[in-house]
Amino acid sequence: MMVMSLVSIDLEVGCESGRIHRLAGVHGDGSASLAFPPGKLPGALDALDRLADGVAFLLGHNLIAFDLPQLRAAQPNLRLLGKPAIDTLRLNPLAFPRNPYHHLVKHYQDGALLGNRRNDPLLDAKLALQVFTDQCASLKAMQEVSPDLLLTWHWLTTQDHGTGGLDHFFTEVRGAGRPYASQVRAALTRLLDNTACAEVGADIILKAEQFSWALAYALAWMSVAGGNSVMPPWVRHQFPEAGRLIRALRDRPCSSPGCVWCRREHDALTQLKLWYGRDYDFRPEPVDAASGLPLQRVIVEAAMRGEHALGILPTGTGKSLCYQVPALSRFVRTGALSIVISPLVALMEDQVKGLRERGIEGCAAINGLLSMPERADVLERVRLGDIGILLIAPEQLRNKSVRKVLAQREIGA
Ligand SMILES: [Zn+2]
């Protein structure tokens, strides 16, 4: 499919020694490969250099942050260090923004290839080729549906020096060369229309070049926001700006009356009707003593603004709505998970059932009554980002597997 001559590289470095223990390289067309050991490292590095002679690009999973610095430290005169590089780890959240992630990649944890467990660099170098082939196919399919997204990514990911590999790659995928800034600003204007605050969006479009990969990842997540997608934890940690951009674009209401996003996504009544139905309204009673407004509305608005709120309401006056509406709204805006801690197991089941009946799937409960498979299924859906509200019994927070899964997610409230 894609005509690019490349060599895929993978290294294994000793944790304590910091030296290259194993390395492997394989030609993109499978015509030649090498593996070390056997032999000595200097000879293996020479052989790797010869393998890469004549190819246009280097490929690898985490190549830019890991393998290339290691190679440079071991032998700074390697010719291959002058070649453009393509990193499949970096491309993955763009090529596969939606769950399930690529089957060969432990994307959600550290982004490593599944083969890594066996410490076999030749296998990993081949897996990286497979992942790259699938990424090309996925991005070509996305090009048909959302050429604005691909155009913007092409430009954002090729801001720095030494990104000739990616420029060539996106040129092949899109069938067009690196776009001009004016084309990118027009594409961004279309992409952000109705999916972000108009005021913040206009500002970010003007400064787009500052954000490079972070904005590319933010746009990837936004293209599938609303469930079944989570920004991988390694992206959140390595590119914290991506999360900040999403919050700036979608989570802070402006005051402009003409901003479609903010007036819709940050308005409590609009959100109530969106999630519960057109005919719904806040209950007129009980009333907030300070403002005279319905207490439900006052609580929902405070929670939607991200304020700490303590609401005390009598039984049967609609308490659960007070946290459900802000949690669902936040989930769509930023993908963040809201955790509801409740000791009442029967109440949890009722809430999940009630939301399901409204067609809201992004809600689940973990308590002591679940069978092992049911529990594993809920934890998997939380981890993959399908769940926006998790109801949980307090003692479950002692459980290590629960805490590990929660650590994978951004917690909204
Ligand atoms: Zn706005």
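Structure data summary
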read-out	value
Output for region 155-178, where each listed residue is surrounded by fewer than 21 Cβ atoms within 10 Å (Cβ to Cβ) and small (Gly, Ala, Ser)	GLY162, GLY164, GLY175, ALA176, GLY177
Of the criteria (1) under 24 Å from ASN194 (Cα atoms); (2) away from the ligand (no atom under 14 Å from the Cβ); (3) not in a helix (DSSP H, G or I), which one ALA290 fails	(1)
Residues of region 179-223 classified as surrounded by 19 or more Cβ atoms within 10 Å (Cβ to Cβ) and among the β-branched types (Val, Ile, Thr), total	3
Condition met for ALA303 (assigned to a helix (DSSP H, G or I), touching a helix residue (DSSP H, G or I) at 6+ places or on another chain (Cβ under 8 Å), small (Gly, Ala, Ser) and more than 23 Å from GLN135 (Cβ to Cβ))	yes
Qualifying positions in region 288-312 - among the hydrophobic types (A, V, I, L, M, F, W, C) and either over 34 Å from the mean Cα position of the chain (by Cα) or closer than 15 Å to ARG333 by Cα (or both)	ALA289, ALA290, LEU293, LEU295, ALA303, MET304, ILE312
Subset of region 229-262 that is part of a helix (DSSP H, G or I) and outside the structural domain of LEU191 (by TED's automatic domain parsing) - its residue that is farthest from the ligand (Cβ to nearest atom)	VAL260
Helices (runs of 4 or more DSSP H) enclosed by region 84-188 - at least 3 residues per element that are at pLDDT below 85	none
Subset tally (residues that are within 12 Å of the ligand (Cβ to nearest atom) and either under 25 Å from GLY164 (Cβ atoms) or touching a Phe, Trp or Tyr at 6+ places or on another chain (Cβ under 6 Å) (or both)) for region 174-208	2
Odd one out for THR152, checked against (1) assigned by TED's automatic domain parsing to the domain that holds ALA248; (2) surrounded by 21 or more Cβ atoms within 10 Å (Cβ to Cβ); (3) over 16 Å from TYR217 (Cα atoms)	(3)
Subset of region 66-79 [out of contact with any strand residue (DSSP E or B) (no Cβ under 6 Å at 6 or more places or on another chain) and in contact (Cβ under 8 Å) with a residue 40 or more places away in the chain]	PHE66, LEU71
Yes/no for GLU301 being within 14 Å of the ligand (Cβ to nearest atom), of a type outside the set (Phe, Trp, Tyr) and surrounded by 13 or more Cβ atoms within 10 Å (Cβ to Cβ)	no
Qualifying residue in region 370-381 (condition: of a type outside the set (D, E, K, R), farther than 30 Å from ALA242 by Cα and assigned to a loop (DSSP other than H, G, I, E, B))	yes
Residue ID - nearest to ILE299 (Cα to Cα), chosen from residues in region 219-228 that are outside any loop (DSSP other than H, G, I, E, B) and away from the ligand (no atom under 16 Å from the Cβ)	TRP221
Test: residue in region 268-287 that is more than 16 Å from the ligand (Cβ to nearest atom), basic (Lys, Arg), under 25 Å from the mean Cα position of the chain (by Cα) and surrounded by fewer than 17 Cβ atoms within 10 Å (Cβ to Cβ)	no
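The values are calculated or read from the model by the stated rules, or taken from the named source; none is laboratory data. Predicted model, so just to flag it, every value in this text is computed and none were measured. For neighbour counting, all protein chains shown are included, and Cβ atoms are generated from backbone atoms with ideal geometry for every residue, glycine included.
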